[in-house]
Amino acid sequence: MIAFRLNGEPRLLPPETSPTTTLLEWLRGPAGLTGTKEGCAEGDCGACTVALELPDGGRVPVNACLLTLGQVHGRALRTVEGLRGPDGAPHPVQAMLAECHATQCGFCTPGIVMTAWAHATEGGDPHDALAGNLCRCTGYRPILDAFARLAPEVPVAAPSLALPAAPILRGAGQVFHRPTSLDALIALRAAHPEAWLLAGGTDLGLRISDHRERPALAICTLDVPELGIAAVTPAGLRIGAALPYRDLLALCVAQPGFAPLAGLLNRLGSRQIRGMGTLGGNLGTASPIGDALPPLLALGASLRLAGPAGQREMAVEDFLTGYRATALRPDEVIRDIWIPRPAEGSLFACEKLSRRHDQDITAVGLSVALTTAAGRIASARVAHGGLGPQAARAPGAEAALAGAPFAAASFAAAAEALSTEVTPLDDLRASAAYRRQATGNLLRRLWWRWSGAEAA
C-alpha cells in the first residue's frame, strides 16, 4: 500500500488507491486538506505548492498537481495545514505575510506560504524563489517585503519510514513499480516495454493532470541509485538520468566553466519544476523545447543507455531522431548523461528567448561553444532549440565559423547561414519570421559579448 509521512505523521492509504492519482487530487479529496489550491493543474501557477522534506533536512517546493501518489511513496511532505505554532497559532511565515499585507483574495497565498517555508532553508534570490508562484491581485512588492523579513532556518531531518524495498503498488487496476537497482529496472523495462517510465513527471505528469490518462503500468526510477549519481571530474560531469534539475543546477553553479549552463537552468521552469524534473526525462521524452538540450549538443554530451544486452554510449545528437522520437530501444533505459567541461579559454554561451523571463517555454534557444587560436576560430559547435520538431546542431553556421577570423564579419556570416538553414515553426509563442531573425541575431550578439566591445 502507498505510505508516506504527511505533516510529520505517517499515512497509509487504502489498498484500492490509484497510484497515479495526483497528490493534489488526493489532498483536496480523500484527505480533506483543501488549503492546497488547484489553479492551472499544469505546474505553472504554484497554487498547489507543497514541500518535500528531505532526509538531510532540505525542503523542496514541488507542484502537487504533477506528483502522483506512487511517486511520494516513502517520502515526507508538508502542506500548508502542517505549518502552525505549538499552540496552534499561525506559523511565522504565515504571520509575516499577514503583517506585510501580502495577500488579498488569498487563493495564491497557501502556495506562497509553502514556497517561503522552503526558501527559509534553501535561501537565494527571493525573486527566483517566487518565479513559480503566480499572484493575480496582491502584487509582489508586499510579498517580497515579507520574504525579506524571513529569518533563515536550520534544516531538520525528516524521520524516515520503515518500508519494504522495491515495492509494487497496486490499485484501481494499475500496477506501479518502484525498483531499487539498475538490474531490477532493466528487467522490468524488458518485460514491460509499454510501461510509462516516470521520474519527476513534469512532462508525463501533464498526461495525467490535463488529459486524465491512467496508465495500467508505470515504472518509477526515483529509487534506483545508479540513476541518481552526480560525479564531478576534471573532464566534466556525469549526471544520473533521475537526478533532479535542482541538484544539477547546484553542481553547475559550483563548477568552473558551467556558469552559462547554470544561468539557463535557473530559467528552466521554477524551483517547483526543478525540484522534480530530470535531465534524463527531458531526453527520454525528446521535448523539442527542452531548455537543456541545445547546451548538451553544443558541448558534445553523450548518454549511457542500459538494457539486457549491456550498455552502450551514444552522442546526444544521434539519440534525438525526430519529434518526440529517440534511438532508445524498447527494452532500454537512460542510465546517465556525460557533459564535457568547456575547455579552459574556450567560449560557451546559452541563450533563450521567451515571452517571460521565468517559467516560460523557449521560443528561440541557442547554445554555442567555440575555441580560438591565433585570432581565428579553431572549432565551433552551434545548436538551437524551440524552432522546430527537435533540438539540433547547425552545420552551416558551424562551417561559417570554423577557421574564420574571430571578427564581427565571421559571426555575421554564420548568422546568415544559420537563418537560412533553420526551418522554424509558426505558433502562438512566436512567428516563423521572428524565430528566423532572432536566431541569427543571437549569434551576432555573441560577438559583442565575447569581443569586449559591448562594454564600450
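Some values worked out for this structure:
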| read-out | value |
| --- | --- |
| Peptide ranges 64-74, 128-138, 317-327 listed from the most packed, as the mean C-beta count within 10 angstrom indicates | 64-74, 128-138, 317-327 |
| DSSP-assigned coil residues among trypsin sites (Lys or Arg not before Pro) in segment 339-421, each with at most 10 further Cβ atoms within 10 Å | R355, R356 |
| GluC sites (Glu not before Pro) lying in DSSP loop within segment 31-86, provided at most 15 other Cβ fall within 10 Å | E42 |
| Accessible carbon and sulfur surface of segment 271-355 relative to its total accessible area, %, 1.4 Å | 48 percent |
| Within the chain: Cβ-based charge dipole about Cα centre, in debye rounded to nearest 20 (Lys, Arg +1; Asp, Glu -1) | 300 debye |
| Dipole axis of the chain (+1 Lys, Arg; -1 Asp, Glu on Cβ), positive-most option in T17, S270, L217 | S270 |
| For segment 245-402: rounded, prolate or oblate by the Cα gyration tensor [a/c cutoff 1.5] | rounded |
| Sulfur and carbon atoms: percent of accessible area, segment 54-133 [1.4 Å] | 58 percent |
| Prolate/oblate/rounded label for segment 132-187 (Cα gyration tensor, a/c 1.5) | prolate |
| Separation in nanometres of the label points that stand 7 Å from Cα toward Cβ, at A148 and E194 | 5.8 nm |
| Shape category assigned to segment 164-204 from the gyration tensor of Cα positions, a/c cut at 1.5 | rounded |
| DSSP bridge orientation in segment 1-119 - percent antiparallel, rounded to nearest 5 | 90 percent |
| Segment 55-72 - phi-based ³J(HN,Hα) in whole Hz, Karplus 6.51/-1.76/1.60, Gly and Pro as x | x, 8, x, x, 10, 10, x, 9, 8, 5, 6, 9, 6, 9, 4, x, 6, 8 |
| R0 of 45 Å, Cβ-Cβ distance D318-H91: FRET efficiency to nearest 0.05 | 0.30 |
| Rounded accessible area per residue of segment 289-330, 1.4 Å, Å² | 40 Å² |
| Label-point separation in nm, S160 to A254, each point 7 Å along Cα→Cβ | 2.1 nm |
| Per residue solvent-accessible surface (Å²) - segment 170-224, probe of 1.4 Å | 41 Å² |
| Equivalent ellipsoid semi-axes - Cα gyration tensor, segment 318-456, angstrom | 26, 20, 14 |
| Principal axis dimensions, the chain - Cα atoms, whole angstrom, descending | 70, 57, 41 |
| MRE, 222 nm, helices only [DSSP H, n ≥ 4, -39500 (n - 2.57), over the chain, to nearest 500] | -8500 deg cm²/dmol |
| FRET efficiency, D331 to D358 (Cβ-Cβ, R0 51 Å, nearest 0.05) | 0.85 |
| Net length gained if the chain between A216 and Y140 were fully extended (0.36 nm per residue, minus Cα distance) | 23.1 nm |
| Neighbour cut-off at most 14 other Cβ (10 Å), DSSP loop, trypsin sites (Lys or Arg not before Pro), segment 404-456 | none |
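The values are calculated or read from the model by the stated rules, or taken from the named source; none is laboratory data. None of the values given here were measured: they were computed from a predicted structure. Methodologically, a virtual Cβ is constructed for each residue, glycine included, from the backbone with ideal geometry; neighbour enumeration extends over all protein chains shown. Note: accessible area is taken over every heavy atom of the protein model, side chains too, but ligands, DNA and RNA are not part of it. Shrake-Rupley method; radii C 1.70, N 1.55, O 1.52, S 1.80 Å.
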